[in-house]
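So the structure is just underneath, and the comments pick up after that.
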Amino acid sequence: MAIVIGLVIHASHRAVFEEAARTLSGVRLEWVTYEQEEEIRPGVQALLEREQVHGMLLGPVPYAESRDLLPAGLSVAVTKAAALDLSFAFFRAQVRGCAAVPVSVDTFDPETVHEVVHALGLDPDQVACLPYDPEQSVDEIVGFHRRFAERTGAAYAISLRTAVTARLTAGSVPVVNALQGPTTIRADLHELALRIQSRQASASRFAAGVFLLGAQDAQTDLDRARIGLMNLLVNTPEFDEAWIENRDRRGVVVFAHKALFEEVTHNWVSLPILGQAHETLGVRPAAGFGIGGSARTCVQLAEWAASRAEQEAAPSAYLVEDSGVIIGPMSGSGSPLAFTYREHGGDLEELARRAGLSPATLSRLAALERSLGGRLISPSDLAGQLGITNPSGRRLIRKLSESGLVTEEGSEQMHRKGRPTRLYRLGIGTALAGEPASRNV
């Protein structure tokens with residue numbers, strides 16, 4: 001089945017995106033094009049209603065306009081112009097006969113502008129940068145460029161915003177559009193497609209579940225209760241595609257894809273069948289799920305998770321992955337409970353919320369930090385450990401830096417040529433311990 005990716009772009013940019021997408025195979029693109037920004041939201045809503053998309057590629061403005069419409073589990077990529085695109089904008093200005101500086105630039109990250117300015121040998125004091133902010137109006141961005149031109153006599157401006165370009169051009173301020181080129185867009189599309197494929201492969205990953213029965217008194221017939229539990233599982237529609245067999249006198253083992261268990265547990269939040277078993281069989285059940293590289297590892301992790309769930313006062317379940325992630329306890333009732341992460345205390349979920357990360361991601365980072373034993377790590381090594389792309393690793397480092405959960409503490413020269421690689425120290429354990437978090441300098 002082909003991957004379906006939705007593209008939300010200005011109508012004038014479609015040709016560039018079509019050129020960038022030529023090398024993609026096994027992907028079907030669904031287009032949402034707009035002329036005015038108020039057309040974005042209804043266009044995205046219509047796409048989501050008529051198509052089951054696996055991912056969305058949007059610019060910063062479309063994302064800000066429609067982010068609340070995007071389903072929680074949808075893979076989303078926000079396109080950002082790269083240093084190469086900004087460099088081309090400077091060259092195009094010089095081809096037109098404009099001096100490279102002074103110039104005002106909007107939407108680009110200050111780090112990208114700084115990198116390009118230094119690479120081209122330009123005077124950084126003559127380059128003004130206005131980073132993207134979803135709260136800024138077109139009027140404010142236009143005003144920024146006009147004030148800079150009046151103050152410095154700049155011959156042109158560099159913009160990524162179509163509406164800003166139209167207003168400035170109409171007001172006699174020449175604009176060089178720094179729209180992402182096919183190379184940047186192609187990289188974003190390929191990364192998104194690979195992320196979707198990885199997610200689908202993860203959902204198909206093999207997993208095991210172990211269901212245990214705890215006797216309430218000496219009169220409990222465990223054999224009868226185990227048969228009742230197996231019948232309950234077999235007759236539950238969500239377990240239709242699972243393999244269910246006896247584990248021992250106290251329970252059963254279930255083999256299935258990870259995606260099936262995610263559905264049954266409402267994404268590892270609750271497992272209502274435990275409550276049903278408690279009511280109908282008269283025993284307190286517990287469940288554990290294991291995800292690993294082999295069937296044996298899955299069962300071992302599931303057994304460990306089930307033993308841990310047995311320690312809870314009420315019917316519950318735990319998940320243990322070979323990556324070090326532990327999620328639980330999951331509620332045995334129909335009303336989902338919030339995730340708790342007993343390995344790190346009850347503060348991990350709140351810390352994840354403040355950092356804008358999922359609790360599972362932060363749990364994996366905490367496990368990685370423990371394995372490092374105080375050693376520094378590069379963004380590419382972090383990406384390799386988490387199974388994500390290098391650009392995603394760099395974005396994660398930036399996000400952690402903004403939340404004070406990582407500090408830059410050095411660099412190393414990987415090759416004789418090129419810039420040194422920055423090294424970082426993870427500080428998640430310190431933050432969870434309640435100590436003041438350091439900010440990246």
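The values are calculated or read from the model by the stated rules, or taken from the named source; none is laboratory data. Every value quoted in this text rests on a predicted model; they were computed, and no experiment measured them. Positions of Cβ are backbone-derived with ideal geometry, glycine not excepted, and every protein chain shown enters the neighbour counts. What goes into the accessible areas is simple: the full protein's heavy atoms, side chains included, and nothing from ligands, DNA or RNA. Shrake-Rupley method; radii C 1.70, N 1.55, O 1.52, S 1.80 Å.
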Just grab the label-to-label distance for Glu30 and His266, each label 7 Å out from Cα along the Cβ direction, in nm (one decimal).
2.7
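In deg cm²/dmol, rounded to 500, what helix-only [θ] at 222 nm does the chain give when every DSSP H run of at least 4 residues adds -39500 (n - 2.57) and the total is split over its residues?
About -13000 deg cm²/dmol.
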So if each residue of separation counts as 0.36 nm, and I subtract the Cα-Cα distance between Arg22 and Glu408, what length gain in nm does that give?
135.1 nm
Between (1) 0.95; (2) 1.03; (3) 1.06, the structure-derived Rg/Rh (Cα atoms, Kirkwood Rh) is (3)
Helix 222-234 vs. the chain, principal-axis angle (Cα, 0 to 90°, nearest 10):
40
Once label points are set 7 Å from the Cα along Cα→Cβ at both Ala15 and Ala170, what is their separation, rounded to one decimal in nm?
2.3
Suppose R0 equals 30 Å; then what is the FRET efficiency for Arg96 and Val76 from their Cβ-Cβ distance, rounded to the nearest 0.05?
0.25
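For Leu84 and Glu38 in one chain, what is 0.36 nm times their gap in residues minus the Cα-Cα distance, to one decimal in nm?
13.6 nm
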Stretchable slack from His114 to Asp68, in nm (0.36 nm times residue separation minus alpha-carbon distance)
13.3 nm
For Tyr424, the accessible surface traced by a 1.4 Å probe with all protein chains present amounts, in square angstrom to the nearest 10, to 20
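From largest accessible area down, sort Ser378, Ser198; use a 1.4 Å probe on the protein chains.
On the way: Ser378 5, Ser198 65 Å².
From most exposed to least exposed: Ser198, Ser378.
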If you put +1 on each Lys and Arg Cβ and -1 on each Asp and Glu Cβ, how big is the dipole of the chain around its Cα centre, in Debye rounded to 20?
1100
Got a sec? What order do Glu111, Glu409 fall in by accessible area at 1.4 Å, biggest, i.e. largest, first?
Glu111, Glu409
